[in-house]
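**Student:** Quick one: the structure is below, questions incoming.
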Amino acid sequence: MTYFSEYNTDGLYDEMFTSDGSPRPAVQLLVERINNFEEGEFIRRQITAEYALLRMGITFNVYADEQGVEKIFPFDLIPRIIDANEWEWIERGLKQRIHALNLFIDDVYHEQKILKDGIIPHEVVLSSERYLEQCIGLDPPRGIWCHITGTDLVRDGDGQIYVLEDNLGCPSGVSYVVENRQLMKRTFPQLFGMYQIQPVEDYPSHLLDMLQYLVSDRVMTPEVALLTPGIYNSAYFEHSFLAQQMGVELVEGRDLVVMDGYLHMRTTKGFQQVDVLYRRINDDFLDPDVFDSESLLGVPGLMDVYKSGRLALINAPGTCVADDKVVCAYVPKIIKYYLNEDIIIPNVPTYMCWEDDDRNYVLEHIEELVIKEANQSGGYGMLIGPHSTKAECEDFIQRIKQNPRNYIAQPTLSLSRVPVLIDDHFEGRHVDLRPFILYGEDIYVLPGGLTRVALKKGSLVVNSSQGGGSKDTWVLSNPF
Amino acid sequence: MLSRVAESIYWMSRYIERAENVARFVDVNLQLLLDQPAGIQAQWDPLVATTGDDALFSDKYGEPTHETVIKFLTFDTENPNSIISCLRAARENARSIRENISSEMWEQINDTYLMVTETPEEWTMTEPHQFFTDIKIASQLFIGQTDNIMSHSEGWHFCQLGRLIERADKTSRIVDVKYFILLPSVVDVDTSYDDIQWGALLHSASAFEMYRRTHGMILPNSVVHFLLLDRDFPRSVLYCLKNAEESLHAISGTPIETFSNPAEQGLGQLHSEFAYAQVDQILNTGLHEFLDAFQTKLNLVGEDIYKTFFALRPVDRISTVSQSQMQ
């Protein structure tokens, strides 16, 4: 008996196997190699890998009680493999998308041509919670707003890849991409000789290049800092990891102060100027003088320094207007408008509940659809029609009627699956993919990204807060 | 270096040292009890007194017993100076500065904490020696890594400063409490029991063998001299003060014997006091008074370190940000 002899794709799209159960060309070598492992070896290595994660403290906080419950982000040892041709297409599509989104955000906070030309209704943009009036007329350094994006991609049952959402706020997960690769190299060194895999370990270098580029026209040796909400934040490991890998200071709001028109950090030798701030806190918390006055995470006066051009903020405040799920539905039109191109990677088809026809359709077909709030993420504030009770559907019907602008609906996609080690055998589980895109001197896409797996049987929710895990993602250098 | 980072390094180091000291003197006292003549009431009070948390203890447990004292000093999360609380505080501090220390140092602290949380509490009663030895070894491993992996620059000096100030404080407390307990027992003078008790005091500071090589016979005055005034023994108060002073000056860049801030002034004065002290004079004027005054001055140095390096304030915005770590 081999490891995969019992594996069943259940008629769904599987990333590794075709519907007749034979391995796809790019993974054939991998499947053969795994089938040659001795019985029990896979589990043994899986346990070793998980303990290594705990020891290294690669954990996220589930909730902060006295003990501060920390969990490892579950890691599955079988890599997800992406063929070179498919990746070339994904990379092209993401670059196109980020290029257009940046033009859109800049337009929204300046002339609003796209609204005046009637491509997107005014009220859709101006009613977004994430549209910040305080950012009107701002010119971020180098004209870039969305420096870091973690776009979520999913593959439907017919094999087509769609964009689910863009995550322009503070997308997290990239540290797991780098750590997963290192863990794989430690656990299965023998698998790496078989393929030419595009590296991911240089992400921190690309990130630092981008951060320094933003102010390199006016500062010779820019001082970069990474702003974290602190050790109880669920993504604290990532903040610490990125700061360590880039060799920049990891700061909290209390380390920072605005003085003489510049941002400074408190050091043992006095105050030191900061030129670039990669902030991992949301817009609302950045500056209590301008946004949420209760915020202890940010720095009073920060926005004044930013407006005066003496500081680069990553991402630029206000960027998230393009993350609103209703605005997101217009991305095909946005790309057409600014670039005069057709969208390469399509959006998941979206019904906008504020439009009468769409809303009527949604209300009648709610049990087939996925309903999402316009400004929620992390798997919160959503309804998966086919997996919900009548009462839950009824609840969402009421909510949609009360505030149609706040809801969109999408068909329930049958997300593709990958084999995952469950106890002592492999089972199919649904996945998505979050590639990371950096916009600096040019647009860079990290090869692969974070493959998130819904570990619960049949579940379509891959978020770590909802029981998701991850896999190493290999983008091959040569086509098969 | 960020003020907050410097403060966390300083406290990470202090808490590790504190956990080690608690483990050491609990272990020694447990063994000492095995040698106690029958009929003599076991002395649990001094153990609690050494940590300075007597009030908290009596509020919670009343009269000290074997079980309650051990529980209080090892696994009681409500006691901020129990071993588990110290390790947790050290780990939290380390976690907030992971990008500044090496991964090995972080993993060592994380490992130690995980080891203690996975240890069944009853082991402190059934296999106490192994438990306390594990804690001591873990602390020594951490110190070794700090010395051999971390650059001996500003961060390392804050590490040294924290560890040595903590150690000076704990050694002085061990001497204070034990001397107070031991001296009045006139009946025992020159008996083998007396010898064992003074030996236990040395063991509490891991000083027994080194003392033997230096002084031979176990005499109260020599023991006090060794633990307070020895120039070469790394756990004596004088040694700690001298090396803490060197690190403090390495941080500020001010030459030794001059000072640029109150912390340097205070620590320099303390160091001189010990460097030129004589054990007979100390005993004549009263050891307890001498040590009490020392602890107060050392606390002041700690406060001055906080004000000088950790609590930097801009002129126009005064806010009260302070880390409420335990002195």
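**Student:** Which residues, taken from region A:272-283, are surrounded by fewer than 19 Cβ atoms within 10 Å (Cβ to Cβ) and either more than 14 Å from chain B (Cβ to nearest Cβ) or in contact with a Pro (Cβ under 7 Å, 6 or more places away or on another chain) (or both)?
**Tutor:** Residue satisfying the conditions is A:ASN282 alone.
**Student:** For the structure I just gave you, tell me whether A:VAL251 is among the β-branched types (Val, Ile, Thr), in contact with a Phe, Trp or Tyr (Cβ under 9 Å, 6 or more places away or on another chain) and surrounded by 23 or more Cβ atoms within 10 Å (Cβ to Cβ).
**Tutor:** For A:VAL251, the condition - among the β-branched types (Val, Ile, Thr), in contact with a Phe, Trp or Tyr (Cβ under 9 Å, 6 or more places away or on another chain) and surrounded by 23 or more Cβ atoms within 10 Å (Cβ to Cβ) - is not met.
**Student:** Please go through region B:61-78 and pick out each residue that is surrounded by 16 or more Cβ atoms within 10 Å (Cβ to Cβ) and either away from every other protein chain (no Cβ under 14 Å) or modelled with pLDDT of 95 or more (or both).
**Tutor:** Scanning region B:61-78 gives B:TYR61, B:PRO64, B:THR68, B:VAL69, B:ILE70, B:LYS71, B:PHE72, B:LEU73, B:THR74.
**Student:** Here is a further query. Can you pull out the residues in region B:120-140 that are touching a residue at least 24 places away in the same chain (Cβ under 8 Å) and either within 14 Å of chain A (Cβ to nearest Cβ) or acidic (Asp, Glu) (or both)?
**Tutor:** Of everything in region B:120-140, those that are touching a residue at least 24 places away in the same chain (Cβ under 8 Å) and either within 14 Å of chain A (Cβ to nearest Cβ) or acidic (Asp, Glu) (or both) turn out to be B:GLU121, B:ALA138.
**Student:** Taking only pairs six or more apart or across chains, which ones have beta-carbon atoms under 9 Å, a first residue in region B:193-206 that is of a type in the set (Phe, Trp, Tyr), and a second residue that is assigned to a helix (DSSP H, G or I) and modelled with pLDDT under 85?
**Tutor:** B:TRP198/B:LYS178; B:TRP198/B:LEU182
**Student:** Oh, and also: Can you name the condition, by its number, that B:PHE25 falls short on among (1) at pLDDT 85 or above; (2) in contact with a Ser or Thr (Cβ under 8 Å, 6 or more places away or on another chain); (3) in a helix (DSSP H, G or I)?
**Tutor:** Checking B:PHE25 against (1) at pLDDT 85 or above; (2) in contact with a Ser or Thr (Cβ under 8 Å, 6 or more places away or on another chain); (3) in a helix (DSSP H, G or I), the one that fails is (1).
**Student:** Of a type in the set (Asp, Glu), part of a loop (DSSP other than H, G, I, E, B) and under 30 Å from A:TRP87 (Cα atoms), is that true of A:GLU341?
**Tutor:** yes
**Student:** Let me ask something else about it. Select from region B:240-270 the residues that are farther than 14 Å from B:ILE165 by Cα and among the hydroxyl-bearing types (Ser, Thr, Tyr) and write down the one among them that is surrounded by the fewest Cβ atoms within 10 Å (Cβ to Cβ).
**Tutor:** Within region B:240-270, the match that is surrounded by the fewest Cβ atoms within 10 Å (Cβ to Cβ) is B:THR258.
**Student:** Can you tell me which residues in region A:129-178 are assigned to a helix (DSSP H, G or I) and more than 10 Å from the chain's Cα centre (by Cα)? Break it down into steps so the answer makes sense when it comes.
**Tutor:** Let us first name the residues in region A:129-178 that are assigned to a helix (DSSP H, G or I), namely A:133-135, A:141-143, A:174-178.
Within region A:129-178, A:GLU133, A:GLN134, A:CYS135, A:PRO141, A:ARG142, A:GLY143, A:SER175, A:TYR176, A:VAL177, A:VAL178 qualify.
**Student:** Does region A:224-271 hold any residues that are on the phi > 0 side of the Ramachandran plot and more than 8 Å from chain B (Cβ to nearest Cβ), and which are they?
**Tutor:** Answer for region A:224-271, where residues must be on the phi > 0 side of the Ramachandran plot and more than 8 Å from chain B (Cβ to nearest Cβ): A:GLY247, A:ASP260, A:GLY261.
**Student:** Please work out which residue is farthest from the other protein chains (Cβ to nearest Cβ), limiting yourself to region A:15-61 and to residues that are surrounded by fewer than 17 Cβ atoms within 10 Å (Cβ to Cβ) and on the phi > 0 side of the Ramachandran plot.
**Tutor:** A:GLY21
**Student:** Which count do you get for residues in region B:141-183 that are within 14 Å of another protein chain (Cβ to nearest Cβ) and buried (at least 18 other Cβ atoms within 10 Å of the Cβ)?
**Tutor:** Residues that pass the stated criteria total 8.
**Student:** So, one more: Confirm whether A:LEU383 is touching a residue at least 40 places away in the same chain (Cβ under 8 Å), part of a strand (DSSP E or B) and not assigned by TED's automatic domain parsing to the domain that holds A:ASN35.
**Tutor:** Numbers: touching a residue at least 40 places away in the same chain (Cβ under 8 Å): no; part of a strand (DSSP E or B): yes; not assigned by TED's automatic domain parsing to the domain that holds A:ASN35: yes.
No: the conditions fail for A:LEU383.
**Student:** Failed condition for B:THR68, given (1) in a loop (DSSP other than H, G, I, E, B); (2) touching a Phe, Trp or Tyr at 6+ places or on another chain (Cβ under 8 Å), with all others met?
**Tutor:** Every listed condition holds for B:THR68 apart from (1).
**Student:** If the requirement is being crowded, with 24+ Cβ neighbours inside 10 Å, touching a helix residue (DSSP H, G or I) at 6+ places or on another chain (Cβ under 6 Å) and either within 22 Å of B:GLU121 (Cβ to Cβ) or not assigned by TED's automatic domain parsing to the domain that holds B:GLU127 (or both), which of these qualifies: B:ASN29, B:ASN21, B:ASN81?
**Tutor:** The unique qualifying residue is B:ASN21.
**Student:** Conditions: (1) in a helix (DSSP H, G or I); (2) more than 14 Å from chain A (Cβ to nearest Cβ); (3) crowded, with 18+ Cβ neighbours inside 10 Å. B:LEU56 meets all but one. Number of the miss?
**Tutor:** Answer for B:LEU56: the failing condition is (3).
Here is a yes/no grid of residues against (1) over 16 Å from B:ARG18 (Cβ atoms); (2) assigned to a helix (DSSP H, G or I); (3) not assigned by TED's automatic domain parsing to the domain that holds B:TYR15:
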site: B:THR50; (1), (2), (3): no, yes, no
site: B:PRO64; (1), (2), (3): yes, no, no
site: B:LEU87; (1), (2), (3): no, yes, no
site: B:ASN100; (1), (2), (3): yes, no, no
site: B:MET105; (1), (2), (3): yes, yes, no
site: B:GLU121; (1), (2), (3): yes, no, no
site: B:GLN130; (1), (2), (3): yes, yes, no
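**Student:** Given the residues A:HIS239, A:HIS206, A:HIS264, which is the only one that is surrounded by fewer than 22 Cβ atoms within 10 Å (Cβ to Cβ) and assigned to a helix (DSSP H, G or I)?
**Tutor:** It is A:HIS206.
**Student:** Six or more apart or on different chains, Cβ under 6 Å: which pairs go from a residue in region B:90-112 that's at the interface with chain A (Cβ under 9 Å from one of its Cβ atoms) to one that's surrounded by fewer than 18 Cβ atoms within 10 Å (Cβ to Cβ)? Could you list them?
**Tutor:** From residues that are at the interface with chain A (Cβ under 9 Å from one of its Cβ atoms), the pairs are B:GLU107/A:ARG55.
**Student:** Hey, another quick one. Would you mind telling me which numbered condition in (1) surrounded by fewer than 14 Cβ atoms within 10 Å (Cβ to Cβ); (2) in contact (Cβ under 8 Å) with a residue 60 or more places away in the chain A:THR151 fails?
**Tutor:** Every condition holds for A:THR151 apart from (1).
The values are calculated or read from the model by the stated rules, or taken from the named source; none is laboratory data. In this text, all values refer to a predicted model and were calculated from it rather than measured experimentally. Here the Cβ is made from the backbone with ideal geometry for all residues, glycine too, and neighbour counts use every protein chain on show.
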